[in-house]
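Novice: Take this structure first; my questions come after.
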Amino acid sequence: MKGLIQRVSEASVTVDGRKIASIGKGLLLLLGVERDDSPSEAKELCRKILSYRVFPDEQGRMNVNVQDAGGSILVVPQFTLAADTSSGTRPGFSLAATPDLADALYREFLMSARNQIGCERVGEGEFGADMKVALINDGPVTFLLEVARKH
């Protein structure tokens, strides 16, 4: 499971011309689910992202996590993060989870995030939809986080 986080001053998701979610200061998360992922990876990645220190402290150092910064998180499912790009000039998707598994683990991630920081601080994209994602990356600050599989 992979999560590409971007520290944002604002972000939103639009589907069919209708804004379905938006946040102010916080993290935009593009979430990729791979075929061998499980609920334990979803929970562990959520814990890692919510505790990852990417917001500035009083000295300007990245030493504060999204929870302590009072920020929100906008979670957007992004199957292309599971692409195999190791060869050729076209991505392969054999590593990506099936839609049913990916949706279930996306929902698991959302539930875990809402349990940890509250429903009002977690926005979500629409699984399987053609989404337009807008953001103002603050920094820019972007990190790709992954968790090891526990088999």
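No lab work stands behind these numbers, since they all come straight from the coordinates. Everything numeric here is computed off the predicted structure, so don't read it as measured data. Note: ideal-geometry Cβ built from the backbone for every residue, glycine included; neighbour counts use all protein chains shown.
Novice: For the chain: lysine pairs with Cα atoms under 24 Å, gap of 8 or more or different chains, count?
Specialist: 11
Novice: Using the scaling law 2.2 N^0.38 Å as the reference, what is the normalised Cα Rg of segment 1-74? Before the final figure, lay out each step's value.
Specialist: Numbers: Rg = 13.8 Å, N = 74, 2.2 N^0.38 = 11.3 Å.
Here the Cα radius of gyration is 1.22 times the empirical estimate.
Novice: Set Lys and Arg Cβ to +1 and Asp and Glu Cβ to -1, take the dipole of segment 1-133 about its Cα centre, and tell me which of ILE73, LEU29, ASN63 lies farthest positive.
Specialist: Result: ASN63.
Novice: Above 20 angstrom, tally the Cα pairs of segment 44-115 and express them as a % of all pairs, no decimals.
Specialist: Working: 1225 of 2556 pairs.
Across segment 44-115, Cα pairs with separations above 20 Å total 48 percent.
Novice: Something else now. Can you give the relative contact order of segment 17-126 as a percent, counting alpha carbon pairs under 8 Å and 6+ residues apart? Walk me through the numbers on the way to the answer.
Specialist: On the way: 172 pairs, mean separation 41.1, N = 110.
Relative contact order for segment 17-126 comes out at 37 percent.
Novice: So how strong a dipole does segment 41-85 carry about its Cα centre when Lys and Arg Cβ are +1 and Asp and Glu Cβ are -1, to the nearest 20 debye?
Specialist: Numbers: 5 positive and 6 negative charges, 12 e Å.
The calculated dipole for segment 41-85 is roughly 60 debye.
Novice: Report the gain in length on full extension from ARG61 to ASN137: 0.36 nm times residue separation, minus Cα-Cα distance, nm rounded to one decimal.
Specialist: Length gained, ARG61 through ASN137: 25.6 nm.
Novice: While we're looking at this one, here's another question. Dividing the alpha-carbon radius of gyration of segment 6-151 by 2.2 N^0.38 Å (N being the number of residues), what value is obtained? Present the calculation step by step, with values, prior to reporting the outcome.
Specialist: Values: Rg = 15.2 Å, N = 146, 2.2 N^0.38 = 14.6 Å.
With N residues counted in segment 6-151, Rg over 2.2 N^0.38 Å equals 1.04.
Novice: On to the next question. The chain: longest stretch without exposed trypsin sites (Lys or Arg not before Pro) (DSSP loop, at most 10 other Cβ within 10 Å), sites themselves excluded?
Specialist: On the way: sites that count: ARG61, LYS150.
That gives 62-149 as the longest site-free run.
Novice: Taking the 0 to 90 degree range and rounding to the nearest ten, how far is the long axis of helix 39-51 tilted relative to the main principal axis of the chain, both from C-alpha atoms?
Specialist: 30 degrees
Novice: How far is helix 99-117 tilted, in degrees, relative to the longest principal axis of the Cα atoms in the chain, given as a value from 0 to 90 rounded to the nearest 10?
Specialist: Between the helix axis and the principal axis of the chain, the angle is about 20 degrees.
Novice: Would you mind calculating the relative contact order of segment 1-45 from Cα pairs under 8 angstrom and at least 6 residues apart, reporting the percent as a whole number? Could the numbers behind the result be given before it?
Specialist: Working: 59 pairs, mean separation 21.0, N = 45.
In percent, rounded to a whole number, it is 47.
Novice: Pairs of Cα atoms under 8 Å, at least six residues apart: use those to get the relative contact order of segment 37-93, whole percent.
Specialist: On the way: 43 pairs, mean separation 10.2, N = 57.
Once divided by the residue count of segment 37-93, the mean separation gives 18 percent.
Novice: Using amide H atoms built in the peptide plane, which far-off residues or other-chain residues are under 5 Å from VAL64 H to H?
Specialist: VAL54, PHE55, ASP57
Novice: Rounded to the nearest 20 Debye, what is the dipole magnitude of segment 27-151 about its Cα centre when Lys and Arg each give +1 and Asp and Glu each give -1 at the C-beta?
Specialist: Numbers: 13 positive and 18 negative charges, 37 e Å.
Value, rounded to 20: 180 debye.
Novice: Give me the net charge of SER112's neighbourhood, meaning all other residues with Cβ under 14 Å from the Cβ of SER112; Lys, Arg count +1, Asp, Glu -1.
Specialist: Values: positive: LYS43, ARG47, LYS48, ARG107, ARG114, ARG121; negative: ASP37, GLU41, GLU44, GLU108, GLU124.
The answer is +1.
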